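This report refers to the structure that appears directly beneath it.
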Amino acid sequence: MIRQAPYLRRLIQTSLSKVSTRCLTAQAASALRDSEPMFRYEEYADIDWNNLGFGLTRTDYMYTSKCTQNETFQQGRLSDYGNVELSPAAGVLNYGQGLFEGTKAFRGEDGRIFLFRPDQNAIRMQIGAERMCMQSPSVQQFVDAVKQTAMANKRWIPPPGKGSLYIRPLLIGTGPILGLSPSPEYTFLVYASPVGNYFKEGVAPLNLYVDDQFHRATRGGAGGVKSITNYAPVLKAISRAKGEGFSDVIYLDSVHKKYVEEASSCNIFLVKGNVISTPATVGTILEGITRKSIIDIARDIGYKVEERSVSIDELMEADEVFTTGTAVSVATVGSITYNGRRVDYKTGDELVGQKLYKTLVGIQNGTIEDKYNWVVQIS
Ligand code: COI
């Protein structure tokens, strides 16, 4: 009840002013908020910013744009966050024709708001759409939609150091289709939720379990793109591992059952001596944006970084292991269990992974100079 109060207050204010905020463009919504005191948002939503996990919090607005097959996406619109209506025969419901992305907005100490490499998410969505026979928004349209969604939900961007606004762009086949073929209509939708740490462990080291029975992806499949179809099949492995107290699962390649691919929600790195290694993305591993940012940062500060096949035996012999992802950021791995054997790794503040994490977070929140031009300041 208490958590909903500002939202209800906003709805009452909206109806009192007899102006509907449904389907406003971002510019119109922001002009309205600036010119009409009744719409002036409090700086922060009324939630407990100290205990954000990775659960969904209902925010104010979402963005939607549609297109029919072989057309380009229409000008999108912000509307109040809410349920979407779908045909029971929608391609996404029947044949899983869908992609998602994850990106974040950060609030700096000085109040500026930043996005981190949203163009890379746009490009990855385009590559995925090509693989899944879908129309996709242009890079500019994607980035603009992410900006609009972040700004419309600004009061949900956590205070500095408390987390970020996780932004979830979706591209789904919404047209009705009975036979197996591409959907006749696509919807590009963006919503957002404030988040803290992805894992319930918080920033404590993760305990990972290597599952050689279930595989995340196979050669020629869609493991290299962010298809929604890559995620439900790993739920069984994750629930089994979590039931035994592990944080997440590491998958091996489905041909040799020997080479490390990735975890359910993140890419994986190992450190041995002064060399950092990570499995090469060869179609079965997601090309993580945090993964490639960490590779660039590590090379720039003098580490040798190798992208190559990494066997599970080599991972078990590493000095240090960490994972990367948009949701996860950079997380230290404390132990890995494989075939009944558990190995423990170095943990603590002096780790290579922690050094890279601090640099990444500093760039994302504007405290470290962004010599890469990765951050996009939006306010
Ligand atoms: C992300 O890191 O943004 C992801 O999409 C992973 C997801 C399982 C939360």
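For region 218-233, the condition of being touching a Phe, Trp or Tyr at 6+ places or on another chain (Cβ under 7 Å), more than 13 Å from the ligand (Cβ to nearest atom) and basic (K, R) holds for none of the residues. Highlighted here are the strands (runs of 3 or more DSSP E) found entirely within region 132-240 that include at least 1 residues which are within 30 Å of G366 (Cα to Cα) and out of contact with any Lys or Arg (no Cβ under 9 Å at 6 or more places or on another chain): 164-173, 206-211. Which numbered condition trips up S277, out of (1) in a loop (DSSP other than H, G, I, E, B); (2) surrounded by 21 or more Cβ atoms within 10 Å (Cβ to Cβ)? Against the list (1) in a loop (DSSP other than H, G, I, E, B); (2) surrounded by 21 or more Cβ atoms within 10 Å (Cβ to Cβ), S277 comes up short only on (1).
I'm checking my understanding of the structure. Among residues of region 261-274 that are under 16 Å from I295 (Cβ atoms) and crowded, with 21+ Cβ neighbours inside 10 Å, which one is farthest from the ligand (Cβ to nearest atom)? Ranking the candidates gives V271 first.
Table: residues versus (1) under 16 Å from P169 (Cβ atoms); (2) surrounded by 15 or more Cβ atoms within 10 Å (Cβ to Cβ); (3) at pLDDT 95 or above.
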residue: G76; (1), (2), (3): yes, yes, yes
residue: S79; (1), (2), (3): yes, yes, yes
residue: G82; (1), (2), (3): no, no, yes
residue: A89; (1), (2), (3): no, no, yes
residue: L93; (1), (2), (3): no, yes, yes
residue: R107; (1), (2), (3): no, yes, yes
residue: M125; (1), (2), (3): yes, yes, yes
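When V330 is tested against (1) assigned to a strand (DSSP E or B); (2) farther than 26 Å from D211 by Cα; (3) within 16 Å of the ligand (Cβ to nearest atom), exactly one condition is not met: (2). Of the residues making up region 307-327, those that are within 16 Å of the ligand (Cβ to nearest atom) and in a loop (DSSP other than H, G, I, E, B) number 2. Residues in region 69-114 that are touching a residue at least 60 places away in the same chain (Cβ under 8 Å), closer than 24 Å to T59 by Cα and charged (D, E, K, R): E101, K104, R107, E109, D110, R112.
Screening G163, G175, G224, G220 for residues that are surrounded by fewer than 18 Cβ atoms within 10 Å (Cβ to Cβ) and either touching a strand residue (DSSP E or B) at 6+ places or on another chain (Cβ under 7 Å) or over 25 Å from Q75 (Cα atoms) (or both) leaves exactly one candidate, G220. In region 286-301 there is no residue that is within 13 Å of the ligand (Cβ to nearest atom), assigned to a strand (DSSP E or B), polar (S, T, N, Q) and crowded, with 18+ Cβ neighbours inside 10 Å.
The values are calculated or read from the model by the stated rules, or taken from the named source; none is laboratory data. Treat the numbers as computed from the prediction; the structure is a model and nothing was measured. Counting neighbours? That spans all protein chains shown, and the Cβs are built from the backbone with ideal geometry, glycine included.
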